[in-house]
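Just so it is clear, none of the values below were taken in a lab; they were calculated from the coordinates. Given the structure is predicted, the values throughout are model-derived calculations rather than measurements. Positions of Cβ are backbone-derived with ideal geometry, glycine not excepted, and every protein chain shown enters the neighbour counts.
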Amino acid sequence: MLNIVIFGAPGSGKGTQSENLIENYKLFHISTGDVLRDHIRRGTELGKTAKEFIDQGQLIPDELMIGILAQVIDDNKELAQNGVIFDGFPRTIPQAEALETLLNERGTSVSAVVGLEVPEQELIDRLVKRGQMSGRSDDNEETIKKRLNVYHNQTSPLQEFYKEKGLYHAIKGIGTINGIFEDIKAAIDSINAF
């Protein structure tokens, strides 16, 4: 089973590269952003709670996200039999530790962490453009800067956490989509986890 955490700041290309990984390795994709937006769109209690945090540019509380992930994994065992791509999770070291526990309880673990590394101004430009094209209300410059600040303060320490475990693979997130994916594929294929 190949379980990949795709890691990077908002706008680094995680969603785009996740699609390539799904197609190439036949993995099940869990995007916490998509899951949360679906709950917000449907107006569920989870969605209302999540929207309050998202509108402030804050992270969703760990317990809430772990519960959501466990449910998504358990509800999709057949689709996840080759492995899972975790897109947008974990974002903190406590979340990474909780993910380890969650996966260990299911007889598996994280195989690799793909870190898409992109300069800050490029991230802002991409996210503003995405907001203009998609109409996503959380892709405005003020919220983007808050999200990047949260990322730098809370999420970037995960690089060291996963480097110490020998799981982190830094990938330059600028260039062609195919070129970036070839670099990701080389990193994943080097681990022989499948």
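Some observations on this one:
- Dividing the helix sum by the residues of the chain, where each DSSP H run of 4 or more adds -39500 (n - 2.57), gives a mean residue ellipticity at 222 nm of -17500 deg cm²/dmol.
- Residue-count net charge about ILE73 - beta-carbon cut-off 14 Å; Lys, Arg +1, Asp, Glu -1: -4
- Scattering from region 1-156 was approximated by placing one identical point on each alpha carbon and applying the Debye formula without solvent; log10 I(q)/I(0) at 0.10, 0.16, 0.19 1/Å stands at -0.35, -0.93, -1.32.
- Along each principal axis, Cα extent of region 99-161, largest first, Å: 43, 24, 17
- In a reduced charge model with +1 at each Lys and Arg Cβ and -1 at each Asp and Glu Cβ, region 64-128 shows a dipole moment near 140 debye about its Cα centre.
- Summarising the overall dimensions of region 65-136 from its C-alpha atoms, the Rg and Dmax are 15.6, 43 angstrom.
- Estimated translational diffusion coefficient (Stokes-Einstein, Kirkwood radius over Cα pairs, 4 °C, 1.567 mPa s) of region 87-194: 83 µm² per second.
- Highest-fluctuation residue, SER18, SER109, SER134 considered, GNM on the chain with Cα pairs under 10 Å: SER134
- If you plug the beta carbon distance of ALA170 and ASP38 into 1/(1 + (r/R0)^6) with R0 = 25 Å, you get a FRET efficiency near 0.20.
- Between the residues PHE7, ASN140, ILE66, the greatest Cα displacement towards the positive end of the dipole of the chain, with unit charges on the Cβ of Lys, Arg, Asp and Glu, is found for ASN140.
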